[in-house]
Amino acid sequence: MTFGKIDTIFFDVGATLRYVVKDEDFSADAERKLMELVGTNEPHDVFFEKLEANWKAYRKFAKGSLLDTSEMELWLQYLLPDYPADVIAPNAARLTRLWRDHDGRRLAHEGTPETLRELKKRGYKLGIIANTITETEIPDWMCEAHVADCFKTVILSSKVRLRKPDPAIYLLGARCIGSAPESCAYVGDNPVRDVEGALDAGFGCMVLFEDAGTADREGKVPTKQPDCRIRSIPELLELFPDRRQ
């Protein structure tokens, strides 16, 4: 694979740039705050059993249609449609963050900020294309990790409605960042969704991040193969040469 023609690199975020660490106290606190915010009188287990069932139904819809909703629509139409709209709607963004936090803490993979800054320094345009239900979590992390200035374009499915592996979301990213698809690379962890979407969009390169435990979670068999595979984010510096020379 020749990487010399690549001048733009897009990244997935979940399981690619960051991973989830289980933290019982952190998750319990998020669940408590979520219940308080909606004012539920339902027992904890009953409430979250219902929420999990509604979440699975939404995921089935999203994956089948390759569409995502806004945070407000997510909670009003799918997750808590039986709760008062005047309570749910204004708190949708906060509810989404708490729902995400109930899974655990999200931490950046080792060497991620340093690698992003070095790739930018080497002359690459960087962007994000991610499936996500929250509109604020990734931008907030970018600021906290001091990498916000590294990214020229951030495409989130919750904002643009399109969802990977639809090639349209990849093409939107390329258009927004001002690069031809064939000059773009994509770095992601899912051997089906990320690989197929990027290659179907005509991206010049697909790099699969094979971190432990990030194989396709849906049991699907890949129909396309990535151009190369890495086991850590800093390995990208071995693939993408300095463009300033």
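No value in this document is a laboratory result; all are computed from the given coordinates. No experiment lies behind these values; they were computed from the predicted model shown. Neighbour counts run over all protein chains shown; Cβ positions are idealised from the backbone, glycine included.
Here are a few things to note about the model shown:
- FRET efficiency for the pair Asp25 and Val87, taken as 1/(1 + (r/R0)^6) with r the Cβ-Cβ distance and R0 = 22 Å, rounds to 0.25.
- Cα-centre dipole for region 23-177 with unit charges at Cβ (Lys and Arg positive, Asp and Glu negative), debye to 20: 1160 debye
- Taking the fewest neighbouring Cβ atoms within 10 Å as the starting point, the ordered list for Trp75, Trp55 is Trp55, Trp75.
- Dipole of region 60-158, positive direction: furthest Cα of Ala92, Ile138, Leu76, with charges on the beta-carbon: Ile138
- Sequence-distant lysines (8 or more away, or on other chains) whose Cα lies within less than 28 Å of Lys125: Lys5, Lys152, Lys159, Lys164, Lys224
- Across region 23-101, counting alpha-carbon atoms alone, Rg and Dmax equal 12.4, 36 Å.
- Counting every alpha-carbon pair across region 164-204, the share separated by more than 14 Å comes to 35%.
- Using the Cβ of Thr69 as centre and a radius below 14 Å, the other residues enclosed give a net charge of +2, where K and R count +1 and D and E count -1.
- Neighbourhood charge, 10 Å Cβ-Cβ cut-off, centred on Leu98 and excluding it, Lys, Arg +1 and Asp, Glu -1: +1
- Counting every other Cβ atom within 10 Å of each residue's Cβ, His109, His44 order from fewest to most as His44, His109.
- Dipole magnitude of region 23-101, debye to nearest 20 (Cβ charges: Lys/Arg +1, Asp/Glu -1, about Cα centre): 400 debye
- Cα-projected label distance for Arg32 with Val221, points at 7 Å along beta-carbon direction, nm: 4.9 nm
- Taking other C-beta atoms within 10 Å as the exposure proxy, Leu171, Leu37 rank Leu37, Leu171 from fewest upward.
- Put a dot 7 Å past the Cα of Arg175, heading toward its Cβ, do the same for Lys56, and the two dots end up 3.7 nm apart.
- Axial C-alpha extent at least 20 Å, average Kyte-Doolittle at least -1.0 - helices from the chain (DSSP): 24-38, 44-65
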